[in-house]
1. For residues in segment 205-222 being out of contact with any Ser or Thr (no Cβ under 6 Å at 6 or more places or on another chain) and hydroxyl-bearing (Ser, Thr, Tyr), which is modelled with the highest pLDDT?
2. Considering only residues that are of a type in the set (Lys, Arg) and at pLDDT below 80, look in segment 71-96 and name the one that is nearest to residue 183 (Cα to Cα).
3. Tally up the residues in segment 6-60 that are in contact with a Gly (Cβ under 6 Å, 6 or more places away or on another chain), polar (S, T, N, Q) and modelled with pLDDT of 85 or more, please.
4. Against the conditions (1) more than 19 Å from residue 168 (Cβ to Cβ); (2) touching a helix residue (DSSP H, G or I) at 6+ places or on another chain (Cβ under 7 Å), where does residue 34 fall short? Just the number, please.
5. Failed condition for residue 244, given (1) part of a helix (DSSP H, G or I); (2) over 20 Å from the mean Cα position of the chain (by Cα); (3) within 28 Å of residue 27 (Cβ to Cβ), with all others met?
6. Considering every residue within segment 141-149, establish whether at least one is modelled with pLDDT under 90, of a type in the set (Ser, Thr, Tyr) and farther than 25 Å from residue 48 by Cα.
7. Select, from 295, 308, the only residue that is surrounded by fewer than 23 Cβ atoms within 10 Å (Cβ to Cβ) and within 22 Å of the chain's Cα centre (by Cα).
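The values are calculated or read from the model by the stated rules, or taken from the named source; none is laboratory data. On a predicted model such as this, the values are computed, not experimentally measured, just so you know. Every residue, glycine as well, gets a Cβ built from its backbone with ideal geometry; the counts of neighbours run over all protein chains shown.
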Amino acid sequence: MLNTIHNPKLMRIYLIPLISMILGTMTGAIGILFILDLGATVFEINLITTISSAMGILIIVPFGMLSDRLGRRPTVLYPRIITLFGIFIYAIATTPSHLIIASIIGGFAGGSFFPVLLSMIGDVAKPEERQEAISTFYLFSSIGMFIGPIITTALLTMPQMTLRTIYQIVTVAQVGFTIYLITQIKETQIKQVESEKVDYKYIIAQLLKEKYFLSVILMSFLYFFFNSIMNTYIPIYGRLNLNLSTAEIASISTFRSIAIMIIRFSSATILSKLSNKTLLLSAIFLGGITGITTFFASNYLSIIIIMFFTGLSYGVVLSLGSSIISINSTTKNRGIANSLHMATMGIGNITKMITTPIVDVFGVSVIFLIGGITAFSSALPVVLKKSKT
C-alpha cells in the first residue's frame, strides 16, 4: 500500500493534500458555525458555500486543459494564491456579505486543485502502480482531514480561543504552505511540441462517449449532492435542533475523517478481495443508509456514528471514482478527464441550493431523507453499466 512513498517525486505530491486538508478542515469544521455566528440565514449559508463551487465549475475544465497544455505546476500554484486571499477575508469578516465576497474570490481559484494533482500522480507513477499511488494520495488527504478537526477542537477548549482566531492561524499557515509549493513542486508534464494542435472539443466529446466515464460522472453528481447535504446541514442540525456545543460540532468532522483514513489505508487489501463495482455499490448503499438514519438522530453519539459511516462511504466512492478515471485516461486527456469529473462533483454540491425552500418549510431533518434517497439513486449508473471498471 505504501510502496510508492519511497519515490521522492510522489512523496512531494502526497504532502500537498496532507497540508491542504489539515488547513482546510481546520476551518471546515467550524465554517457553518462561523457563518451562523455572523447572523446568516439558511439561504445565505447555502449561497456562501455554493458560490465558490459554482464559479469553480466554470474554470476547472479550462484548468485541466491548461495543465495538459502548459504544465501542472502553474495550475497548482495559482489556486493556492487565490485561496490565500479568500481565507484572509474570512479572518477579518464581520458580516455574511464579507463571506460572500470571499467565496467569489475563492471561485477564481478554479475549484479544487486535486484534479491537477491526480494528473501529476498519473504522470509520475508507473502504469502498474497508479491505483496504489492514487490510494496513497487519498490516504495522505484523509490523514490531513483527521488532523485538522482535532487541532480545531483542541484549540476551542482554550478560553481565549475564538472561531475568528482559528481563521487567523490558518491564514498564516497558508502563507507557509504557498512557499512550500513554490520551492518544492516541480513540473511533471512532458512538454508537448509547440506546433502540435490539440482539439479539446474532440477530446471532451470522445470522453463523453465512453461508458465508463459517463457512469462515473453521473454517479458522482448524485452522490455529491447527497454528500453536500450531509456536510451543510449536520452542523446546522447539531446547533439548532440538538443544541450541541461548538467544540462538539467541530469534533464531528474528526470521526468522519477517521473513517476515511481507515478505508483508504485498507483499500489495497479490500480491492484485492472485492471488485471495484461491488465495493463501489456497497459504499453507495452505506451512504444512503446514513442519510436516512440522520433523520432519526437525537444526540451527539448518534451523529458521530452516522458521520463515521458516512466517512467510510465517501472514502471509497471518491477514491474508486478517481482511480477509474485515471486508469482509463491517457496523458493527453487525463487533465481534462479529472477536471470534468471534479466539475461534476461540484455541480452535485451546488445543487443543494434547491433544498433551501424545503428546509424553510419542513425543517432541517427532512432534508436528510432526500439526501439518503439521492445517494441510493447514485447506484443506478454503476448498476446499469455493463463494461468492466
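1. Our first condition is that a residue be out of contact with any Ser or Thr (no Cβ under 6 Å at 6 or more places or on another chain); within segment 205-222, this holds for 205-210, 212-216, 218.
Checking which are hydroxyl-bearing (Ser, Thr, Tyr) leaves us with 212, 215.
Values: 212: 80, 215: 87.
Out of the qualifying residues, it is 215.
2. In this case the residue turns out to be 73.
3. 1
4. (1)
5. (1)
6. The answer is no, given that none of the residues of segment 141-149 is modelled with pLDDT under 90, of a type in the set (Ser, Thr, Tyr) and farther than 25 Å from residue 48 by Cα.
7. Among 295, 308, only 308 is surrounded by fewer than 23 Cβ atoms within 10 Å (Cβ to Cβ) and within 22 Å of the chain's Cα centre (by Cα).
Per-residue answers, yes or no, for (1) within 23 Å of residue 256 (Cβ to Cβ); (2) surrounded by fewer than 17 Cβ atoms within 10 Å (Cβ to Cβ):
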residue	(1), (2)
291	yes, no
299	yes, yes
302	yes, yes
320	yes, no
332	no, yes
335	no, no
338	no, no
